[in-house]
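Structure, as structure tokens:
The values are calculated or read from the model by the stated rules, or taken from the named source; none is laboratory data. Worth saying up front: this structure is predicted, and the values here are computed from it rather than measured. Note: ideal-geometry Cβ built from the backbone for every residue, glycine included; neighbour counts use all protein chains shown. Keep in mind that these areas ignore ligands, DNA and RNA; they rest on the heavy atoms of the full protein, side chains included. Shrake-Rupley method; radii C 1.70, N 1.55, O 1.52, S 1.80 Å.
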Amino acid sequence: MVKKRGCRSALTTAFLLLVCIVLALGVVWQRQKSFADAPIDGIQPDASLVVAQGDSFQAVLGKIRGVGIQSGHDFEWQALARLTGTAGKIQVGEYALREGITPRQLLLDMRDGKVVSYRFTIVEGWTIRDLRRALSRAQNLKQETAGLSNEALMKALGHADQHPEGRFLPETYQYNRTESDLGVLKRAYAAMEKALDETWKARDPETPFKTPYELLTMASIVEKETGIPDERAQIAGVFDRRLKLGMRLETDPTIIYGLGDAYKGNITWAHLRTDGPYNTRTRAGLPPTPIAMPGRASLQATAHPAPGDALFFVAMGDGSGRSRFASTYPEHQRNVAAYLANRRADASRADEPMRGTVTVSKDGAPENVTDVPPADAADADTPALPAEQPLPPTR
């Protein structure tokens, strides 16, 4: 009997001990679950956590504490890291400490590499100078190219023999805090290479371009000539026909590009008379390089120019940004007159004097210019010598 009572007592003790263990484990589990799935306290607005290469979990935990997070004991974070499979698998990068995030979600984000992403947009019509200036101001983007010349930049990209203008596709590119401006440029370069290759293969075979680079150069001119989507193919058609006929392109954006810092807002007679590789009024054919970054739409318009017989176009001058097209010289003269009339009306409404007259030669170049109204009203009040008088945007 004594032996039976002893056995019962041992079993009871073991049972009670088991119950205590189960209860204790339940309490621990509930506490751990409450910690893992409760919103983290102490997060500041727009806070983030940066994990560097080589950081151990203990180092990451120190950074978690360093940004003001006091939730949970260290062992709870360590246990949760093992439960979520995060331990030893945290990826390098920046992680958003957004409002309401839980410890579990934060660790899963770090395990899965859900880093903070930033965006950089290359705008259609930007020059390489515009692009590099914008890149230098991009948020949380490591700067590797700031001290490089354009030549050194292209060498760093692996294309030492190329001019950088027009080589980067206007699009929005995502990057994270660990990336550099050189990395973004590499992706933009590859995107333009792909877009240009696809455009070249699908081009109208009647276009006059001998190489994809020629198409790229013309697309950059089309990009700078209009911001009106439905005009791109029309303008590409004008230039297509002029090239085939051996006419000079006589397009102002190429002259402006060639002027560089000397361009102050207006094209003058002095500019037109100064020969140079980008002066398409003095030289036939295409300029030696693109003059800007053309977007996909301009590439497509250049590869598939609109049919027709127009050889000239001139701005309407009514603030719409649109152009008038003409197939004959007399019609073009009338369009130029309409442009000047619109400018006079604008000047009258602004109570400003309208200055001078203009005629247009048979190849599309203005002549007999005397006090011609500027193409850019910003410089309308600036007096100038006759050789420096600005010209209207006629082609």
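For S323, the residues 5 or more places off, or on other chains, whose built amide H falls under 5 Å of its own are M316.
Using a probe radius of 1.4 angstrom, the carbon and sulfur fraction of the accessible surface of the range 94-219 is 46%. E214 contributes an accessible area of around 50 Å² to the protein surface, as traced by a 1.4 Å probe with all chains present. For the range 241-290, a crude dipole built from +1 on the beta carbon of Lys and Arg and -1 on the beta carbon of Asp and Glu, taken about the Cα centre, is about 280 debye to the nearest 20.
Less than 5 angstrom separates the built amide H of F312 from those of A326, all sequence-distant by 5 or more or on a different chain.
Work out how much length I101 to R137 would gain on full extension: take 0.36 nm times their residue separation and subtract the Cα-Cα distance, in nm to one decimal.
9.9 nm
State to the nearest 20 debye the size of the charge dipole of the range 201-253 about its Cα centre, where the only charges are +1 on K and R beta carbons and -1 on D and E beta carbons. Let's see the in-between values first.
Details: 9 positive and 10 negative charges, 53 e Å.
With only Lys, Arg, Asp and Glu charged at Cβ, the dipole is about 260 debye.
In whole angstrom, note down how far apart the Cα centers of the range 53-131 and the range 266-332 are. Here the two parts' Cα centres lie 50 Å apart. When you work out D = kT/(6 pi eta Rh) for the range 227-344 at 25 °C and 0.890 mPa s, using the Kirkwood radius from C-alpha pairs as Rh and the Stokes-Einstein form, the result is 160 µm²/s. Here the gap between E206 and N150, fully extended at 0.36 nm per residue and compared with their Cα-Cα distance, gives a gain of 16.7 nm. How charged is the neighbourhood of V115? Take every other residue with its Cβ under 15 Å from the Cβ of V115, and add Lys/Arg as +1 and Asp/Glu as -1. Local charge sum for V115: +3. Using the 1.4 Å probe convention, the accessible area of the range 25-157 works out to 56 Å² per residue with neighbouring protein chains retained. Note on the range 229-341: dipole from Cβ charges, positive end direction compared against G295, G237, G321; the farthest Cα belongs to G237. Only protein heavy atoms count here; on that basis, with a 1.4 Å probe, F325 has an accessible area of about 50 Å².
With all protein chains in place and ligands, DNA and RNA left out, the 1.4 Å accessible area ranks S48, S298 as S48, S298, largest first.
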